[in-house]
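To start, the structure itself, in structure tokens.
The values are calculated or read from the model by the stated rules, or taken from the named source; none is laboratory data. What you are looking at is a predicted structure, and each value in this text was computed from that prediction instead of being measured. With ideal geometry, Cβ positions are generated from the backbone for all residues, glycine too; neighbour counts draw on all protein chains shown.
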Amino acid sequence: MADEIAAQKWVLMVTAQTPTNIAVIKYWGKRDETLILPINDSISVTLDPAHLCTTTTVSVSPSFEKDRMWLNGKEISLSGARYQTCLREIRSRATDVEDEKKGIKIGKKDWEKLHVHIASHNNFPTAAGLASSAAGFACLVFSLAKLMNVKEDQGKLSAIARQGSGSACRSLFGGFVKWKMGKEEDGSDSIAVQLADEKHWDELVIVIAVVSSRQKETSSTSGMLESVETSMLIKHRAKEVVPKRIIQMEEAIKDRDFPSFARLACADSNQFHAVCLDTCPPIFYMNDTSHRIISYVEKWNRSEGTPQVAYTFDAGPNAVLIARNRKVAAQLLQRLLFYFPPQSDCDFNSYLLGDRSILQDVG
Ligand code: DP6
């Protein structure tokens, strides 16, 4: 670091907010563990940033002696390979930064020596199957890129976020997003692209039923590794099933065709959990309440003659329910509260009502 910078006393800060995303065609399984390259394409919906999101403040100062990070107020180690990769990849793309008012001038080369402090906060339970790592790494990469004046486009940044956590690459875009698995060995074409922005299909309402906010027993990372190693079904899914579903889902989103959208999302969630059961030893992410929610939605959809609500479950028991419009969402909430009344012993009891996402504890 240039001596004149080392002697200076200033702090430069950037804060960013990134929402989480929910996959409607799931990513499950890697072909490269280090670069985080998936075995199939996936498609997700990015939630409204007002609700389930990560807020990250990154700061840099010549007085910082090492890189440090705090998650939800507690210091965590940055020594893990995924954090190190994201920091390295962003640092290597840093450019000059100048703040005339504060008298700050950081040259491209200085970034290699300057240290950062990162403070990140999730407004939802961490690691409970609500894709906290997706919002977390997307926000980390985005805020560091802003701080270091990285000039890459969102697609290139998504390839860096992907190396923090696969699903994170999709959180760099709003609306409906596809993560292309790519073909290149170096992962340069394994990036996220926006299929449609958040206004394209804004009558959809997402209701999240928090069945449990406890941390899951099997992380997505180790669960999908075990599935790739032991499940026959995952091979069939990645090769035969998902490629067709991706085409159909893109079509359903383009045409705002809710019946097709719901049919595909539910089938894909069920197949993902079937792969988990087909893994040795089997992985159980859903619990009895999750199964009851599925049966309930299936019955409701059948009784209406056409789907009103889609469900999807990630690596945890919490249900993500997508209602076709606000009227259905209101009915859904009423029915959920009736059939699954909130229990007093639940450790998470938020109730957020917003434009696109509603969070409700159903115990
Ligand atoms: C079930 O992105 O958390 O939510 O890449 O190992 O960090 P790593 O896994 P992660 O897996 C998410 C799996 C999923 C499906 C999805 O989001 O597509």
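Filtering the stretch 71-90 to residues that are closer than 16 Å to residue 57 by Cα, in contact (Cβ under 8 Å) with a residue 24 or more places away in the chain and of a type in the set (D, E, K, R) leaves nothing.
Give 269, 219 a once-over and let me know the one that is loosely packed, with under 14 Cβ neighbours inside 10 Å, touching a residue at least 24 places away in the same chain (Cβ under 8 Å) and within 14 Å of the ligand (Cβ to nearest atom).
Details: 269 fails: loosely packed, with under 14 Cβ neighbours inside 10 Å.
Only one candidate passes the filter, namely 219.
Based on what the data block shows, is residue 288 free of Cβ contacts under 8 Å to residues at least 40 places away in the same chain, under 24 Å from residue 174 (Cα atoms) and out of contact with any Ser or Thr (no Cβ under 8 Å at 6 or more places or on another chain)?
Values: free of Cβ contacts under 8 Å to residues at least 40 places away in the same chain: yes; under 24 Å from residue 174 (Cα atoms): no; out of contact with any Ser or Thr (no Cβ under 8 Å at 6 or more places or on another chain): yes.
No, not satisfied.
Against the condition away from the ligand (no atom under 12 Å from the Cβ) and buried (at least 17 other Cβ atoms within 10 Å of the Cβ), how does residue 16 come out, does it pass? Yes, satisfied.
Yes or no: the stretch 206-227 includes at least one residue that is hydroxyl-bearing (Ser, Thr, Tyr), assigned to a helix (DSSP H, G or I) and under 26 Å from residue 51 (Cβ atoms).
We begin by selecting, within the stretch 206-227, every residue hydroxyl-bearing (Ser, Thr, Tyr); these are 212-213, 218-222, 227.
Narrowing the set further to residues that are assigned to a helix (DSSP H, G or I) leaves 220-222, 227.
Checking the rest, the ones that are also under 26 Å from residue 51 (Cβ atoms) come to 220-221.
Yes, the conditions are met somewhere in the stretch 206-227.
Taken over the stretch 242-265, the criterion of being within 20 Å of residue 298 (Cβ to Cβ) and within 15 Å of the ligand (Cβ to nearest atom) is satisfied by 245, 249, 264, 265. Taken over the stretch 180-219, the residue count meeting the criterion of being touching a Pro at 6+ places or on another chain (Cβ under 6 Å) and farther than 30 Å from residue 291 by Cβ is 1.
Kindly indicate whether any position in the stretch 135-158 is touching a residue at least 24 places away in the same chain (Cβ under 8 Å), assigned to a loop (DSSP other than H, G, I, E, B), closer than 27 Å to residue 199 by Cα and under 22 Å from the mean Cα position of the chain (by Cα). Yes, the stretch 135-158 contains a residue that is touching a residue at least 24 places away in the same chain (Cβ under 8 Å), assigned to a loop (DSSP other than H, G, I, E, B), closer than 27 Å to residue 199 by Cα and under 22 Å from the mean Cα position of the chain (by Cα).
When the stretch 38-69 is filtered for residues that are more than 12 Å from the ligand (Cβ to nearest atom), closer than 25 Å to residue 321 by Cα and not acidic (Asp, Glu), the ones remaining, listed by number, are 47, 49, 50, 51, 52, 53, 54, 55. The single condition from (1) assigned to a helix (DSSP H, G or I); (2) farther than 21 Å from residue 28 by Cβ that residue 236 fails is (2).
Looking only at residues of the stretch 297-317 that are assigned to a helix (DSSP H, G or I) and crowded, with 19+ Cβ neighbours inside 10 Å, we find that the one that is nearest to the ligand (Cβ to nearest atom) is 297.
Restricting attention to the stretch 187-241, the residues being among the charged types (D, E, K, R), in contact with a Gly (Cβ under 6 Å, 6 or more places away or on another chain) and within 24 Å of residue 254 (Cα to Cα) number 3. In the stretch 287-294 there is at least one residue that is acidic (Asp, Glu) and either closer than 20 Å to residue 210 by Cα or part of a helix (DSSP H, G or I) (or both). In the stretch 127-140, is there at least one residue being away from the ligand (no atom under 16 Å from the Cβ) and either modelled with pLDDT of 95 or more or not hydrophobic (A, V, I, L, M, F, W, C) (or both)? No - not one qualifying residue is present in the stretch 127-140. Taking the stretch 21-37 as the range and being assigned to a strand (DSSP E or B), closer than 12 Å to residue 169 by Cβ and near the ligand (Cβ under 8 Å from one of its atoms) as the test, the residues that pass are 21, 23. The residue of the stretch 79-102 that is farthest from the ligand (Cβ to nearest atom), among those that are surrounded by 17 or more Cβ atoms within 10 Å (Cβ to Cβ) and in a loop (DSSP other than H, G, I, E, B), is 94.
Applying a threshold of 8 Å to beta carbon distances and a minimum spacing of six or more residues, or different chains, the list of pairs starting in the stretch 311-330 at a residue that is without any contact (Cβ under 8 Å) to a residue 60 or more places away in the chain and under 16 Å from residue 300 (Cβ atoms) and ending at one that is within 11 Å of the ligand (Cβ to nearest atom) and not in a strand (DSSP E or B) reads 311/269.
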